[in-house]
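Student: Let me begin by handing over the structure; questions about it come next.
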Amino acid sequence: MTSPIRLAWQVIWCQPGDYELGTLPDKGWNAVPVPQSLCDAAGFEGDADEVDWWYRTRTTLAEGSWTLELAGAATYAEVYADGELVASGRSAFTPLRVVLTGGRTVSLVVHIRSLRAEPVPSRPRARWRSSLVPDNALRWHRTSLQGHMPGQGSSPIVGLWRPVTLQPTPPVRIASLCTEWASGSGLLTLELVCERPGEVHLTCAGAATSLPVDGPATIELDVGAVRPWWPHTHGEPVTYPLRLEVDGVLVHERQVGFRHIAADHTDGGFALQVNGIEIFARGAVWTPVEPVGDPEVPVLRREALVALRDAGANVVRVPGTSWYADDEFLTACDDLGLLVWQDLMLATFDPPFADERWTQTLHEEVEANISRGAAHPSLAVISGGTETLQQPVLSGLSAERRELPGLYELVGRVTALAPGCVVVPSSPCSGVPQVAGSRGGALATSARRGLSHWFGVGGYRRPLSEARTSGVRFAAECLALGCPPPAYVVRESWGPDPFGDPVWTAGDARDTGADWTFLEVTEHYANELFPSYQCGRLHRLRVTAFEVIRRTLAEWRRTASVTKGAIVLSARDVVPGPGYGVLTVDGARKAGWYAMARALGSTSLQIVDEGLDGLDLHVHHDGPRPLAGVLTLSVLRADGTELESAQRAVEVAPRGSLVVNIEAELGAFRDLNGAWRAGFGGDSPYAAVRAEVAGVDEVIHLLQPLPPVEIARLTIRVLRDAVELETDTALAYADVTVPGRELDRAFVHLLPGIPLRVTTKPAPVSGQARAAALNAQRVRPVVIAEAPDAEPDRRGR
């Protein structure tokens, strides 16, 4: 395997049509890094889509055949080699590949035509308008909507935005790679494009096969018994090295995994199955890490994926407003055990399938990206776009007027390209294609069938109880709540009071046309859930976002729930401020992240209020081995005094759950949740229930608001990789900042005499130790730094 030639590119811009290949000037060119979006090019101000761009470079090629590949050129591109047009493209997402003859010095020129100046057909006319982008002409352009959606803070992709490589043409190229896993055995199938005859030798997982090739060829390898790839929540994401040699020379090597993905649509639902096991799929809608081409992006992107994994996510959904996941992204998800849900790059527009040229461009784009992605075990679900079916429904069109036969043809093509993936018409969709002339059937807006983008709890301000009563089957988008960044981030960027700052205000996201912001949605639930509070406004908002997301996810994860998945909108904020990402724009953990981590851990305890049936404890265990331990239940006063307790051994099967009714386990009716309004005249002594499976997880559930506190004292013992929190006063939803550390839990309930140990990781957290709690006007932290190796045996985790 030979390293590619490094190319040094220059760029110049002009008004559309001012230059042709033969009239390009000698001067005025500027060096430019590739890959990079030209919107971020130094020295250019204005709309990069309004002008033409020209790239040039020269290089000397040794004898032989060379392949030039442009992994992404946005959007209308022409490639010239020594003055000859050798490739052209009309999609930002379709790679361009050119074979060049070596033994010479070659001049390469790439012309990026102005997107704004590109004429668009007048037919077919759009039957509905996009809810995301004001410029409806963009439906004709196969480019990303990033940078075109108001309030998103990103730049459009323009120019050579993905890597350009020039390297010796390999004798064999892999056109597609598919893996299968069934009954414990793996099968590998490769479609090869051969540039010259040779003997191909393929090895993987200890198995090998050889085949003479001369032209297109298919090679299969039965690798026999292999361990399957699992999402990290349910097992180990096992991969095996693959090596492809031609005539004894290595031409390709990579890791591959074997797994089986399916979907259960029983009774109109949607549940993902991995290797024959139904999973509760959970995660976040991916937010691209920008600027495109920045050398720090791969590191920042992986850090964001690691953060989602650590929050208990096992799915990352790449929306149709961005761009297809590249191999680097998919490889990271392979390694981390994250399933990838890939939307095709269609979003809310009326796709002009009746235009043959546009449709052919789309088909080529999809084939290139899905064939490549299907080689990764992490790629699990492919959808025909974002809200492709929902937008015409919301526009009020009849079934006849919103028909999209071209979309279903496209879905059929995708199914053939990625037979190992679940393919759905759109996100969301009812799961049943609309039939021409039919006025019945479920709409794409239905929560009770198929996939929904469900914001009943969220933007539509419905009661939290509707998470259950709405019968949500699978929330492919949900729970977008505006949330302030962590306290130390706010202090560094805005000081003690960010409200009114223009940057803060700009970061408060709103839907196009909405008269409300997502932070106002959180304020609504704050008034509903926490009308009485002692803390500041910022902490109350964080607590509210945490509790709404945590409680809803815990509700949906219940054993008896009909909901089989939840994908939170979104992974990261797009700009600084109180956005709805679970991470800040710089990757710091927000309240939404802590809510996910609390509700979605592979093994976790959740207490759910069942009304007149009292409180149920759910012991969720997604791991591959049985869970055995001792369950301890305690009913506590606000001062930490134990009033009642019970203890018993529990065992949970692999990838199973256990439900325990707390009062039944205690052996007596106590009306702990106050549903029966029994006997205490509003002065119940019961403040909290604590449940613990030793060494596994513990949770404290408040039964009533804790007493208000003017000043509370919180002791923070800083250990090697943890902190231990202890208070002399009951604190609700305590959030602690420790310099140099990021805590793995926040918004915790602390009672006197019950220390809580929280693991930490190093993080760029500056300033001094601080703390806040919902029921305290002020929390005074006392930091005790213990010896690095001191790990005292204390109660709690």
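Derivation of every value follows stated rules applied to the coordinates shown; laboratory data play no part. Note that the coordinates shown come from a computational prediction; the quantities given were computed from them, not determined experimentally. Here the Cβ is made from the backbone with ideal geometry for all residues, glycine too, and neighbour counts use every protein chain on show.
Student: Taking the highest mean first, how do the peptides 303-314, 376-387 order by number of other beta carbon atoms within 10 angstrom per residue? Show your work: numbers first, answer last.
Tutor: Details: 303-314: 22.1, 376-387: 26.3.
So the order, starting with the most tightly packed, is 376-387, 303-314.
Student: If the stretch 455-600 were replaced by its equivalent ellipsoid, with semi-axes equal to the square roots of 5 times the Cα gyration tensor eigenvalues, what would those be, largest first, whole Å? Display every interim value, and only then the final one.
Tutor: Values: eigenvalues 127, 45, 43 Å².
Listed largest to smallest, the semi-axes of the stretch 455-600 are 25, 15, 15 Å.
Student: Mind listing the phi-derived Karplus ³J(HN,Hα) values for the stretch 118-132, rounded to whole Hz, using 6.51, -1.76 and 1.60 with θ = phi - 60°, and x for any glycine or proline?
Tutor: Karplus-based 3J(HN,Hα) across the stretch 118-132 equals 6, x, 10, x, 8, 10, x, 6, 5, 8, 8, 9, 6, 8, 9 Hz.
Student: So between R461 and V297, what do we pick up on full extension, going 0.36 nm a residue minus the alpha carbon distance? Write down the numbers at each step before the final one.
Tutor: Numbers: separation 164, 0.36 × 164 = 59.04 nm, distance 3.58 nm.
Gain in length upon complete extension: 55.5 nm.
Student: Here is a follow-up. For the stretch 216-368, what class follows from the C-alpha gyration tensor (a ≥ b ≥ c being the square roots of its eigenvalues): rounded when a/c is under 1.5, otherwise prolate if a/b is larger than b/c, else oblate? Can you show the working numbers first?
Tutor: On the way: a/c = 1.27, a/b = 1.11, b/c = 1.15.
Judged from the Cα gyration tensor, the stretch 216-368 comes out rounded (a/c under 1.5).
Student: Report the gain in length on full extension from R58 to A694: 0.36 nm times residue separation, minus Cα-Cα distance, nm rounded to one decimal.
Tutor: Numbers: separation 636, 0.36 × 636 = 228.96 nm, distance 6.60 nm.
Extra length from R58 to A694 when fully extended: 222.4 nm.
Student: Amide H of T169: which non-local residues (sequence gap of 5 or more, or other chain) have their own amide H closer than 5 Å, using H built in the peptide plane?
Tutor: Result for T169 returns S65, W66, T67.
Student: Also: Taking the highest mean first, how do the peptides 268-275, 165-172, 423-430 order by number of other beta carbon atoms within 10 angstrom per residue? Mind showing how you got there, number by number?
Tutor: Details: 268-275: 20.4, 165-172: 18.1, 423-430: 26.8.
Ranked from most to least packed, the peptides come out as 423-430, 268-275, 165-172.
Student: In addition: Using the beta-carbon distance between T469 and Q777 and R0 = 45 Å, what value does 1/(1 + (r/R0)^6) give for FRET efficiency, to the nearest 0.05?
Tutor: Details: r = 37 Å, r/R0 = 0.83.
Once the sixth-power term is evaluated, E becomes 0.75.
Student: What trypsin sites (Lys or Arg not before Pro) in the stretch 325-402 are in a loop by DSSP, with at most 14 other Cβ atoms within 10 Å of the Cβ?
Tutor: Numbers: sites: R357, R372, R401, R402; in loops: R401, R402.
Answer by residue number: R401.
Student: Nearest 500 deg cm²/dmol is fine: what mean residue ellipticity at 222 nm does the chain get from its DSSP H runs of n ≥ 4 alone, each adding -39,500 (n - 2.57), divided by its residue count? Walk me through the numbers before you get to the answer.
Tutor: Numbers: 12 runs with 125 residues, N = 797.
The helix contribution divided over the chain gives -4500 deg cm²/dmol.
Student: Ok, one more. Set the Förster distance to 56 Å, then compute FRET efficiency between F499 and T209 from the Cβ-Cβ distance, nearest 0.05. Provide the component values of the computation, followed by the final result.
Tutor: Details: r = 66 Å, r/R0 = 1.18.
Once rounded, the FRET efficiency stands at 0.25.
Student: Report relative contact order for the stretch 299-424 in percent, whole number only (criteria: Cα-Cα under 8 Å, sequence separation at least 6). Don't jump to the answer; show the numbers that get you there.
Tutor: On the way: 174 pairs, mean separation 33.8, N = 126.
Dividing the mean separation by the residue count of the stretch 299-424 yields 27 percent.
Student: How many nm separate the modelled label positions at H363 and L24, each set 7 Å beyond the Cα in the direction of the Cβ?
Tutor: Distance between label points: 3.3 nm.
Student: Quick check on the stretch 170-256: what does the Kirkwood estimate of hydrodynamic radius come out to from the alpha carbon pairs, in Å? Spell out each step's value before the answer.
Tutor: Numbers: mean 1/r = 0.0740 Å⁻¹.
Over the stretch 170-256, the inverse of the mean reciprocal pair distance is 13.5 Å.
Student: Normalised by the empirical 2.2 N^0.38 Å for globular proteins, what value does the Cα Rg of the stretch 329-401 take? Spell out each step's value before the answer.
Tutor: Working: Rg = 15.1 Å, N = 73, 2.2 N^0.38 = 11.2 Å.
Dividing the Cα radius of gyration by 2.2 N^0.38 Å gives 1.35.
Student: Which order do the peptides 775-782, 742-749 come out in when sorted by mean C-beta neighbours inside 10 angstrom, highest first?
Tutor: Values: 775-782: 18.4, 742-749: 20.6.
Peptide ranking by packing, descending: 742-749, 775-782.
Student: Between Q10 and D222, what is the label-to-label distance in nm when each label sits 7 Å out along the Cα-to-Cβ direction?
Tutor: Calculated label separation equals 6.0 nm.
Student: Which value in Å does the Kirkwood hydrodynamic radius of the stretch 9-167 take, with 1/r averaged over all unlike C-alpha pairs and then inverted? Intermediate results must be reported in sequence, preceding the final value.
Tutor: Values: mean 1/r = 0.0601 Å⁻¹.
The Cα-based Kirkwood calculation yields 16.6 Å.
Student: HN-Hα J couplings of the stretch 156-173 from phi, Karplus 6.51/-1.76/1.60, θ = phi - 60°, integer Hz, Gly and Pro as x?
Tutor: x, 8, 9, x, 7, 8, 10, x, 10, 10, 9, 8, x, 5, x, x, 9, 10
Student: How far apart, in nm, are two points set 7 Å out from the Cα along the Cα-to-Cβ line at T101 and at A354?
Tutor: Rounded to a tenth, the inter-label distance reads 4.7 nm.
Student: Taking R0 as 25 Å, what's the FRET efficiency between E278 and L397 from their Cβ-Cβ distance, rounded to 0.05? Let's see the in-between values first.
Tutor: Details: r = 35 Å, r/R0 = 1.41.
Calculated transfer efficiency: 0.10.
Student: I would also like to ask the following. Please list, or write none, the aspartates and glutamates whose alpha carbon is within less than 15 Å of the alpha carbon of K564, excluding same-chain residues fewer than 8 places away.
Tutor: Cα-Cα hits under 15 Å: D264, D267, E278, E477, E555, D622.
Student: Still on this structure, I have one more. What do you get for Rg/Rh of the stretch 697-796 when both radii come from the Cα atoms and Rh is the Kirkwood radius?
Tutor: Details: Rg = 12.9 Å, Rh = 13.7 Å.
Over the Cα atoms of the stretch 697-796, Rg/Rh equals 0.94.
Student: Sorted from largest down, give the three principal axis spans of the alpha carbons of the stretch 587-743, whole angstrom values.
Tutor: 48, 47, 25
Student: Please work out the Cα convex hull volume for the stretch 73-159 and give it in Å³ per residue.
Tutor: Values: hull volume 9.9 nm³, N = 87.
Residue-normalised Cα hull volume stands at 114 Å³.
Student: Please report, for the Cα atoms of the chain, the Rg to one decimal and the Dmax as a whole number; what are they, in angstrom?
Tutor: Values for the chain (Cα only, Rg and Dmax): 28.3, 94 Å.
Student: Apply the Karplus curve 6.51 cos²θ - 1.76 cosθ + 1.60, θ = phi - 60°, to the phi angles in the stretch 518-532 and return the couplings in whole Hz, x for Gly and Pro.
Tutor: 6, 6, 5, 4, 5, 4, 4, 6, 4, 5, 6, 8, 10, x, 10
Student: At most 15 other Cβ atoms within 10 Å and a DSSP loop assignment: could you name the GluC sites (Glu not before Pro) in the stretch 46-102 that fit? Intermediate values should be presented prior to the final figure.
Tutor: Working: sites: E50, E63, E69, E78, E84; in loops: E63.
Taking the stretch 46-102 and a limit of 15 other Cβ atoms within 10 Å, the loop GluC sites (Glu not before Pro) found are E63.
Student: For K761, which aspartates and glutamates qualify as cross-link partners when the Cα separation must be under 12 Å and same-chain residues fewer than eight apart are set aside?
Tutor: Correct list for K761: D310, D721, E742, D744.
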